[in-house]
Amino acid sequence: DASILRPKTKGNERLLGGLLVEGFDQKSCHSRYQSAVYRRNPGRKPSQYLVSKLRSQEALQRRCGPGTAAYTNALEQLKSGKSLASPECRYLVSISYRGLGNRIIAAASEFLYALLTDRVFLVDPNTSMDELFCEPFPNTSWLVPPGFPLGYRAFYLSTTERYGKMREDGVLRTDQMNGSAASGDLPAYAYIHLDYNQTEHDKLFFCDDDQRLLSNIQWLLIRSDSYIAPGLFFVEAFQKELDMLFPERDEVFHHLGRYLFHPTNGVWGLITRYHDAHFAWAQRVVGIQVRVFPWRSESPEILKQIKTCTQSERLLPAVLGEEEEEPVAKTTASPSGAKPTAVLITSLKAWYHDKMKGMYWERATANGEVVVFGQPSHEEIQRYGVKSHEHKAWAEMYLLSMADTLVTTGESTFGYVAHGLAGMRPWVLDMGMINSTVGWPCSRDMSMEPCFHIAPTQDCKRREDAGKIVPHVRHCKDRPTGLKLV
Ligand code: GDP
């Protein structure tokens, strides 16, 4: 038990300032109450309003979640095909797909939507969601139980109940709720399609009138691999609530991510063993995420970029040239600086780590600081759905989030999860992950929030540039068409 070996945290710190509740079985999920002990940076405090909202959401999940009479009734209603005028409980089902970083940021932002609309939040257990994360809500489950009546995993553009399609075909109209039309005319469910190929009609999801209509549909099933939270800030009906939940807009993922995603015990073992071996003794920890695609060959340009970024931003000490004299006297004379700096590199490839490690072993640093490199794994290829691969990916995102300083790769959702959980603005390497042009070596991100990649381009009413409407939603630096909370 790590709490015996480590200094105890106070109750409030252990529960992340009230974000988490007591009452879970500790053995079933060690990470939930131990994470605060391992983090070098305690992170931000949630608002009291967010804390109380989460407690009411937990009560809602218990009252309406799988296994309750309300859930059985809601399933019956779903099978009937019609929405009730005022159902006891309403639901949002998150369909998980794509890489782990995508799944995490999508689920966190969909959970925000559930909070704002008082819907029970359920996730598709497919894609290892049940394997990687502990249950976030006490005494109930967030996983869609087996036997769900809709084959939602196949839902895509051609699905008849796609919200954008129903809007386009006039099957659903935003004036439908005004006047005499009752919600009995509305379908029992709608499929919200927010993938990269979404249509103009799918994008209406972020408009006030459409949200009013959607609030009368009992079941919503959503497919997105993006961080949709910035888009929710455009809905006027949500703005007051969002202000109260997040007085500081740049901490939405930070809190919701820390609330929802607790590594299961197997993953926690990967994290704590690496931590104890590589971080525990270090003066400081620098995390560097080098997101490269498996099919790309090793790039000396990217290596140079990592070196230039970390050294010119003074995240790592400079190394001396071969001819220069080593500052031996300096290191021995200054025992206070004796503890090394640990660098965690995560990447699918080993090459970048090996080169950096070699450089800091073969050459002395200008200030005498000793820098020790480590890389937990190099999986070489992306293997979605393979248990051990997903476990490592989650462990590495989490380990990055425990560092004191972070360098991440632009456009990578893997990196977004790391700096969001950490509560840190990273230095971002512009490696042209999606685009092939490389601009600058790195620069400090404007906030710790993930970027919403496939974001609306205009607002619903005035048709103005979506990055210029609300002061705290801006275009992302790493993906200029995307949007980000700042
Ligand atoms: P993104 O593609 O960078 O936005 O991040 P995702 O997490 O959505 O998808 C990339 C997937 O590739 C990850 O989920 C992992 O399965 C794998 N992957 C990429 N980089 C790493 C890495 O540094 N370490 C590990 N273990 N897996 C990685």
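The values are calculated or read from the model by the stated rules, or taken from the named source; none is laboratory data. Fair warning: this is a prediction, and the values are worked out from it, not measured in the lab. Positions of Cβ are generated from backbone atoms using ideal geometry, with glycine treated the same way; all protein chains shown enter the neighbour counts. When the accessible area is computed, the model is the full protein with side chains, heavy atoms only, and any ligands, DNA or RNA have been set aside. Shrake-Rupley method; radii C 1.70, N 1.55, O 1.52, S 1.80 Å.
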Task: Subset of region 355-387 (residues that are at pLDDT 95 or above, polar (S, T, N, Q) and under 30 Å from Leu100 (Cα atoms)) - done: Gln375, Ser377
Open item on the list: Tally up the residues in region 9-67 that are over 30 Å from Pro146 (Cα atoms) and without any contact (Cβ under 8 Å) to a residue 24 or more places away in the chain, please.
Closed with: 6
Task: Every residue from region 14-62 that is over 22 Å from Leu242 (Cβ atoms), open to solvent by less than 50 Å² (accessible area, probe 1.4 Å) and small (Gly, Ala, Ser) - done: Ser31, Ser35, Ala36
Open item on the list: Against the definition (away from the ligand (no atom under 16 Å from the Cβ) and either touching a His at 6+ places or on another chain (Cβ under 9 Å) or farther than 23 Å from Asn265 by Cα (or both)), how does Met431 come out, yes or no?
Closed with: no
Task: Residue list for region 457-486, restricted to those being among the basic types (Lys, Arg), open to solvent by 40 Å² or more (accessible area, probe 1.4 Å) and either closer than 14 Å to Asp445 by Cα or assigned to a loop (DSSP other than H, G, I, E, B) (or both) - done: Lys461, Arg462, Arg463, Arg474, Lys477, Arg479
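Residues are listed down the side, and each one gets a yes or a no for (1) modelled with pLDDT of 95 or more; (2) away from the ligand (no atom under 16 Å from the Cβ); (3) outside any helix (DSSP H, G or I):
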{"position": "Val252", "(1), (2), (3)": "yes, yes, no"}
{"position": "Leu256", "(1), (2), (3)": "yes, yes, no"}
{"position": "Tyr259", "(1), (2), (3)": "yes, yes, no"}
{"position": "Gly269", "(1), (2), (3)": "yes, no, no"}
{"position": "Arg273", "(1), (2), (3)": "yes, no, no"}
{"position": "Ala277", "(1), (2), (3)": "yes, yes, no"}
{"position": "Ala282", "(1), (2), (3)": "yes, yes, yes"}
{"position": "Gly287", "(1), (2), (3)": "yes, no, yes"}
Task: Any chance Ala342 is small (Gly, Ala, Ser), within 10 Å of the ligand (Cβ to nearest atom) and in contact with a helix residue (DSSP H, G or I) (Cβ under 6 Å, 6 or more places away or on another chain) - done: no
TODO: Could you figure out which of (1) outside any loop (DSSP other than H, G, I, E, B); (2) more than 9 Å from the ligand (Cβ to nearest atom); (3) open to solvent by 10 Å² or more (accessible area, probe 1.4 Å) isn't true of Leu399?
DONE: (3)
Open item on the list: Which numbered condition in (1) assigned to a loop (DSSP other than H, G, I, E, B); (2) within 23 Å of Gly101 (Cβ to Cβ) is the only one that Ile192 fails?
Closed with: (1)
- [ ] Would you check if Ser141 is under 25 Å from Phe24 (Cβ atoms), modelled with pLDDT of 95 or more and not acidic (Asp, Glu)?
- [x] yes
Open item on the list: I need every pair where a residue in region 403-418 that is more than 8 Å from the ligand (Cβ to nearest atom) has its Cβ under 9 Å from the Cβ of a residue that is among the acidic types (Asp, Glu), sequence separation at least 6 or different chains.
Closed with: Val407/Glu313; Thr408/Asp445; Gly410/Asp430; Gly410/Asp445; Gly410/Asp478; Ala418/Glu396
- [ ] State whether one or more residues within region 210-226 are touching a strand residue (DSSP E or B) at 6+ places or on another chain (Cβ under 7 Å), hydroxyl-bearing (Ser, Thr, Tyr) and over 20 Å from Leu172 (Cα atoms).
- [x] yes
Open item on the list: Quick check on my filter: what residues within region 41-70 are over 30 Å from Leu399 (Cβ atoms) and not in a helix (DSSP H, G or I)?
Closed with: Gly65, Pro66, Gly67, Thr68
- [ ] Can you confirm whether region 139-157 contains a residue that is surrounded by 19 or more Cβ atoms within 10 Å (Cβ to Cβ) and within 15 Å of the ligand (Cβ to nearest atom)?
- [x] no
- [ ] For region 233-248, state whether one or more residues are out of contact with any Phe, Trp or Tyr (no Cβ under 8 Å at 6 or more places or on another chain), open to solvent by 10 Å² or more (accessible area, probe 1.4 Å) and assigned to a loop (DSSP other than H, G, I, E, B).
- [x] yes
